[in-house]
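Below: one structure, written as C-alpha cells.
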Amino acid sequence: MEFFCYHRDRPGSLPLREKLGEEHWSYMDRYAEELIARGPTFADDGETPSGSVHIVDLPDPAAARAFAFDEPNHQAGAYRDVLLRRWRNMLGRTMWDFPGGRTVGDRYLVIGLAPEQSAELAVPPDRDELIAFGPLLSDDGATWLGTAVLLRAPDPETARDVLSPGRYADIEVHDWEFGGRR
C-alpha cells in the first residue's frame with residue numbers, strides 16, 4: 001500500500017530540525033527501499049524549510065502511522081501537523097526514475113483537497129514534468145479525498161494549474177526539492 005505523508009513544520013523549529021538532522025537521515029535510511037519520493041518543502045523565501053514530504057510503500061495503515069509518527073522530528077515536536085493518506089502511484093515510478101533529473105528547473109508540491117463529491121482522477125496528458133502523481137484516499141482506499149503531485153514547473157502558478165481549480169475545495173502549492181542525504 002502506498003501512502004502520502006506530509007509533515008508541516010512548526011514555526012521556529014529550524015534549530016531543532018538541524019539538531020536532529022542525522023537522526024532523521026538514519027531513520028529514513030531504514031526505509032530506502034520503500035520510498036517512492038521524498039524531500040523538503042520551503043517557505044516563500046525559498047530557503048527556510050516548511051515541511052517534509054515522504055511517499056512510501058508500506059504493508060498497511062498501521063505501518064504508515066508508525067512511519068509518520070515515530071519519525072525523530074515529529075517525536076521531538078518539530079512538526080505542527082501531519083497529513084497522512086493512502087495514495088496511489090499513477091505514474092508507476094519513483095522520483096529517481098523521473099527523466100528530468102534532480103536539479104534542472106523549479107519543483108513543487110501541489111496538494112488539492114477534494115470537494116464533497118468524488119470524481120475520477122486522470123493523469124494529465126503532459127506527463128513529462130510530473131515527478132509523482134496520485135490520489136489522496138481514505139484509509140480503506142475507497143474514497144477520493146484529493147490529489148498530491150510533485151512536479152517541475154517554471155513558477156507556482158503553472159504548478160497549481162496541473163490541478164483543475166473547479167474540482168478542488170482548496171489547492172496548496174509549496175516549493176519542493178528532491179530529498180535524500182546530501
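Key figures
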| read-out | value |
| --- | --- |
| Cα centre as origin, Lys/Arg/Asp/Glu Cβ charges: region 34-108 dipole, Debye | 280 debye |
| Three-way shape call for region 1-58 based on the alpha-carbon gyration tensor, with the a/c threshold at 1.5 | oblate |
| Estimated vicinal HN-Hα couplings, Hz - region 129-144 in sequence order (Karplus 6.51, -1.76, 1.60; Gly, Pro = x) | 9, 7, 9, 8, 8, x, x, 8, 10, 5, 4, 8, x, 8, 10, 6 |
| Gain in span if fully extended, residue 140 to residue 80, counting 0.36 nm per residue against the direct Cα distance | 19.1 nm |
| Calculated FRET value between residue 43 and residue 97, using beta carbons and R₀ = 22 Å, to 0.05 | 0.15 |
| Per-residue [θ]222 nm for the chain (sum of -39500 (n - 2.57) over DSSP H runs n ≥ 4, rounded to 500) | -5000 deg cm²/dmol |
| Residue of 48, 94, 147 that the Gaussian network model of the chain assigns the largest fluctuation, springs spanning Cα pairs under 10 Å | 48 |
| Contour minus Cα-Cα distance for residue 62 and residue 31 (0.36 nm per residue) | 9.6 nm |
| Positive-end residue of 53, 73, 141, charge dipole of region 1-151 with Cβ unit charges | 73 |
| Positive-end residue, the chain charge dipole about Cα centroid, Cβ charges, pick of 108, 92, 124 | 92 |
| Total charge dipole magnitude, the chain, about the Cα centre, Cβ charges on Lys, Arg, Asp, Glu only, Debye to nearest 20 | 240 debye |
| For the chain, built as a Gaussian network whose Cα springs stay under 10 Å, the top-fluctuating residue of 99, 156, 61 | 99 |
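Any read-out appearing in this document is the output of simple, stated calculations on the displayed coordinates, not a laboratory observation. What you see is a predicted model, and the numbers here were worked out from it, not measured in a lab. Virtual Cβ from ideal backbone geometry, glycine too; neighbours counted across all protein chains shown.
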